[in-house]
Structures are given as C-alpha cells and as structure tokens.
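Reviewing the structure listed below.
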Amino acid sequence: MALADLAVIGLAVMGQNLALNIERNGYRVAVYNRTLERMRQFLAERAQGKQIIGCETPPDLVASLKRPRRLLIMVKAGSPVDQMINELLPHLEPGDILIDGGNSFFKDTERRLQEVEARGLLYLGIGISGGEEGALKGPSLMPSGHPEAYRALESLLQAIAAKVDGEPCVTYLGRGGAGHYIKMVHNGIEYADMQLIAETYDLLRRGLGLSAAQIAQTFAAWNQSELNSYLIEITAQILGVMDTESGEPLVEKILDVAEQKGTGRWTSQEALELGVPIPTLQAAVEARALSAQRSLRLEIAPQFSGLLLPPSPVAAIEIDSLKRGLYAAKICAYAQGMAMLEQATRTYQYEFDLSEVARIWRGGCIIRARLLEHIRRAYRQNPHLPNLILDPFFRQALLEAQPAWRETVQFGVGAGIPLPAMSAALAYFDGLRSERLPANLIQAQRDYFGAHTYRRLDREGVFHTEWQA
Ligand code: NBP
C-alpha cells in the first residue's frame, strides 16, 4: 500500500476536518485516534472513499508514513499532548517532524520543542483558528518552530489554509512557541470582540427595546460597513434563528452563563506578567466569570431592582452611535492585542512581523474582519508603530467615533446596563491620551506607607519624604 504524506492524530472536531481538508488538497493521510471506535466511525462515514488510511496503533501509524515522517497531533491541549508525544517518540527517528496543532500554552510548546529536538527530531507548534468550518475549508494557521520543519510543511500548509485575495493565511512566525503565543493573543482579542458585540446587543435589546429580529437586521446592516467581520456576520444569523418549540428567538432561551476553555485567561495572565495593559481583553474574561455567578446574580437582582429614575434616560440614542462606539472599542481591543505582541518580541526575543500577523488573521479565523486589512497596512507602513491608534487611519477613526463612543458608554451607565469591555476600551483610550494621570498620587501614597520613593517631574533623582512630619 502507498505510504501516507502525513498523519493526523486525534479525530475529534478539529482532527477530522483537518484530515479531510489535507486529503482534499491531494495528500494521502494516515489517521489515528486513542478511542478506536471514533476512528472507525470516521473512516466508515466522512472519510469513506478518500485517501485516508486508519491505523490502530501508534507503531502502525508511524510505519504507514513516508520519510521524513510528518505527524500532526490534534488532541486536547495539556497533558494529552505530552502523553501522545511520549507514545510516538520510541517509534520515530531523527529528522521526523512532530507538529502540535492544538491550543497549547506557548511555554509548553517551548518545553516540548526542546525535548523533542534534543532527540534529533524537528518540532512545529501551529496555532489553528477557524473552528470546525475553518479546519475543513481553510483555517488561519500560525506556525512556529524549527525552520526546516516549516519548509517541509510549507506547501501543504499553504494549500489547506484560508485564502484572501489569493494569499494563503499562513506564514512562518519564528522559532519556539511564537505561533502558539500569537494564537493565544488571537483568542484574547476574540474574547474582547465577542464581549463588545454582546454588550452592544444588550444596549439594543434592554436599552432600546429592539426585538431579536430588529437587532439581527441591525447587525446584518453593520456587516456591510467598516464593522464587517465574521463575528458580526454570525451574530446577525444567530439572532434570526427561532426556537422550534416556542417559536421565539433561540438566543433568548440560552442560559446566560459564558463558558471558557482557558485561552482568554492565559492571555490575561500573560499580559499581567508582561505588564502590558489589555483592559478590554481582561474585562471580557472577567465578564464571562461574572456571568458564571448566575445564582448569586439571581439573589442580588431583586435587592437592587428599580434603581433607575423614571423617566429612564435611555430614550434617545441613535443606533448609529452604538455602531460607532462598537467600532472604536474594537479598534482599541485590537490595539491592545497588537501591543501585547509587540512587548512579547522584546521579552521573549520573538521576531513577530505584526503586518504579517494581521495578514494571516484576515481569513479563516474567528476574528477575521475588514479592520485587519487596515492593521496590516499600518504595520507595513511603520513596523515600529508604538501603538495602533497612532496610525493616521486609526487616529482619524477614533477621533470621528469618539463623541458617539462616549455617548454609548453614558447610555449604558444611565440605563444600568453593564459595559465592562466597552468602557474599559474608552478608559484605555483616555488613559493613553492623558499627558498627566493621577499616578503621582499613587507614588506619594506608596512612599508614605512603604518608603518606596518617587521621582520628580522637575528634577532628576529618587526622593523620599517623611509625609507625617
Ligand atoms: P478536543 O480538544 O475535544 O480533544 C479531543 C481529542 O483528544 C480526541 O481525539 C481524544 O481522543 C483526544 N485525547 C484526549 Br481528550 N486525551 C488523550 C490522550 N491522553 N491521548 C491521546 N488522545 C487523547 O478536540 P478538538 O475540539 O478537535 O480540538 C483539538 C485541539 O484543537 C485542542 O487543542 C483544541 O483546543 C484546539 N482547537 C479547537 C478548536 C475547536 O473549534 N474545537 C478550534 C481551534 C483549536 P478520544 O477520542 O480517545 O477521547
């Protein structure tokens, strides 16, 4: 039997769809899944008649591959990846290439890379975005690791990736765990973007009293504007779907508790480590955590109901203002993610080309958006842009949206509708454009209780004051 070009290990949602995508692009694929029944079902159904070979053990899988062997691991992130690597290693030989396409934490990728490469094998970590549909039709791929491993995979990755204007949404992102780092930040931006859209939905629903159908139309119209993006598009579709039992909008029947698998939290933790402010991304993670405290919310809600004075101050805001507010906040969310990547280049010696990062996010992935074309151009024109909002296009966009953005946040505050991400974005903007912040007082307080010293605006040096004297 002919040997396969590549193995896919782990046949849950992502592994199955990637295997089909790779096969469709002319490659012969060997597959393996720990639970054999899942693999047999895949072979009997979706993979039937295709150049996809099932293997029942890791040694069989390795034996079915051309040399150097290329194995794509698509199992649950965390210890399953280590377990799978350990099962495979005894059967592999120097020059073979192990690829982890899951949502692995970048520091795990760095560690695995060293362990695997110490044995003469090559390692590639690939952040993959696009979910089920992206995996099948064309995801955004964020690979990093051994350059030779990338070269050996480049044409395959280009073939299976999403295409925008004929360009594949993949590029080599450098050594180590750079690709998984970028995927982590991608997910942080994804959390922020989803939260901003959810807050705007709340303003339209609770603030303006629009029906789900009207909000669906609003988002559909916004998708034809500068807000054009995958997340806005699917939001419009979601709001139009009816519950078959009640005939009411399905979205209204869904429990309002947002779950998380941890990649957003990693972004938050990592930003805290780096000391990079990403308040909109942080707010999105915390908003999910607060939503999860549902029983507490149900207990508190009646104790604080009826707080808003009639007549409610919510009556008059233009829907167009909400749109502008959402756009401005979204720009700030992306600016924060890019600033985090910029800092990571210094801390970890990653060599991110932010223009290329924006380019490969334009298609296939969950945060694909028209905005990314402008971000790509901004970093191409100035790779050392200190912050995205200094790019003339984004500066102008924020200046134009700014009054409506403030009005949007005021509207939420007046109506008692929480806007954690939207208002955090505005505070980020206002913080960055403040020549003088009240941090002078914080420094004085620190010096008062801890003799932490302070510096002065008018003189060089480090100072301490006996404040109580
Ligand atoms: P899951 O993350 O749900 O993982 C299920 C797969 O892992 C199954 O094939 C399972 O085998 C295998 N597995 C587990 Br669990 N423990 C194992 C072990 N100890 N040894 C070997 N295999 C083990 O699958 P997924 O949703 O397809 O995602 C795969 C990766 O891609 C994850 O890292 C995920 O975070 C990432 N990702 C997912 C999406 C998405 O939309 N789902 C998008 C982007 C990235 P079994 O059948 O024997 O239980």
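The values are calculated or read from the model by the stated rules, or taken from the named source; none is laboratory data. Only a predicted model underlies this, so the values are computations on that prediction, with no experimental measurement involved. Counting neighbours? That spans all protein chains shown, and the Cβs are built from the backbone with ideal geometry, glycine included.
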Query raised in the report: Could we say that residue 133 is under 21 Å from residue 263 (Cα atoms) and within 16 Å of the ligand (Cβ to nearest atom) here?
Result: yes
Requested in this report: Go through the stretch 94-121 residue by residue and tally those that are within 15 Å of residue 7 (Cα to Cα) and either free of Cβ contacts under 8 Å to residues at least 40 places away in the same chain or of a type in the set (Asp, Glu) (or both).
Outcome: 3
Requested in this report: Tell me which residues, restricted to the stretch 74-105, are farther than 17 Å from residue 58 by Cα, out of contact with any Ser or Thr (no Cβ under 9 Å at 6 or more places or on another chain) and buried (at least 20 other Cβ atoms within 10 Å of the Cβ).
Outcome: 101, 102, 104
Report summary line: From the option list 6, 11, 18, single residue qualifying as in contact with a Phe, Trp or Tyr (Cβ under 8 Å, 6 or more places away or on another chain), near the ligand (Cβ under 10 Å from one of its atoms) and within 20 Å of residue 139 (Cα to Cα) is 11
**Report entry** Residue ID - nearest to residue 199 (Cα to Cα), chosen from residues in the stretch 420-469 that are of a type in the set (Lys, Arg) and touching a helix residue (DSSP H, G or I) at 6+ places or on another chain (Cβ under 9 Å)
**Finding:** 433
Requested in this report: Please list, ordered by first then second residue, the pairs with beta carbon atoms under 6 Å, 6 or more apart or interchain, first in the stretch 170-187 and among the aromatic types (Phe, Trp, Tyr), second part of a loop (DSSP other than H, G, I, E, B) and within 15 Å of the ligand (Cβ to nearest atom).
Outcome: none
Requested in this report: Considering only residues that are β-branched (Val, Ile, Thr) and in a strand (DSSP E or B), look in the stretch 52-87 and name the one that is farthest from the ligand (Cβ to nearest atom).
Outcome: 53
Query raised in the report: Does residue 103 satisfy the condition of being within 16 Å of the ligand (Cβ to nearest atom) and in a helix (DSSP H, G or I)?
Result: no
Query - Where residue 1 falls short, out of the listed (1) under 27 Å from residue 133 (Cβ atoms); (2) out of contact with any helix residue (DSSP H, G or I) (no Cβ under 8 Å at 6 or more places or on another chain); (3) more than 10 Å from the ligand (Cβ to nearest atom) - result: (1)
Query raised in the report: In this structure, does residue 38 turn out to be part of a helix (DSSP H, G or I) and either touching a Pro at 6+ places or on another chain (Cβ under 8 Å) or within 10 Å of the ligand (Cβ to nearest atom) (or both)?
Result: yes
**Report entry** residue 182 vs. criteria within 30 Å of residue 69 (Cβ to Cβ), crowded, with 18+ Cβ neighbours inside 10 Å and out of contact with any Asp or Glu (no Cβ under 9 Å at 6 or more places or on another chain)
**Finding:** yes
Query - Test: residue 71 is surrounded by 21 or more Cβ atoms within 10 Å (Cβ to Cβ), touching a Cys at 6+ places or on another chain (Cβ under 7 Å) and at pLDDT 95 or above - result: no
